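What follows is a short report on a single structure.
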Amino acid sequence: MPASVVIVDLFGLLLAVTGFTMAFRQHVARGLLGRPLRPTARQSADDDEDPLTYVLRIAGVMVMVFGVVIAGMVTLIHLR
């Protein structure tokens, strides 16, 4: 397997791990961003969670899937 495929696979793995951390290990991602683990004050009684939670979930899943797809496509095209 050429070095370029291995590099793209490692990059895809890095993206997948980063996306997983953003989506499902939010305390780590919030710590890296310098944000508190929980919001200190509620804006209103209707807000159930912090908006950053939803941003991290959506962006994390998108980054994770992008990493898996890029690595998988490059590997499968090379193996063809």
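The values are calculated or read from the model by the stated rules, or taken from the named source; none is laboratory data. As the structure is a computational prediction, the values presented were derived from the model and not from experiment. Counting neighbours? That spans all protein chains shown, and the Cβs are built from the backbone with ideal geometry, glycine included. With ligands, DNA and RNA removed, areas are computed over all heavy atoms of the protein, side chains included. Shrake-Rupley method; radii C 1.70, N 1.55, O 1.52, S 1.80 Å.
Here are the numbers for the structure shown:
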| item | result |
| --- | --- |
| Å² per residue, accessible surface of the chain at 1.4 Å | 75 |
| The chain: most fluctuating residue of VAL68, VAL55, VAL17 per GNM, C-alpha cutoff 10 Å | VAL55 |
| Acute angle (nearest 10 degrees) that the helix 51-79 long axis makes with the longest principal axis of the chain, alpha-carbon atoms | 0 |
| Carbon plus sulfur fraction of accessible area for the chain, probe 1.4 Å, in percent | 69 |
| Angstrom value of the Kirkwood radius, inverse mean 1/r, which spans all Cα pairs in the chain | 14.2 |
| Size of charge dipole - the chain - debye, nearest 20, with Cβ of Lys, Arg +1 and Asp, Glu -1, no other charges | 220 |
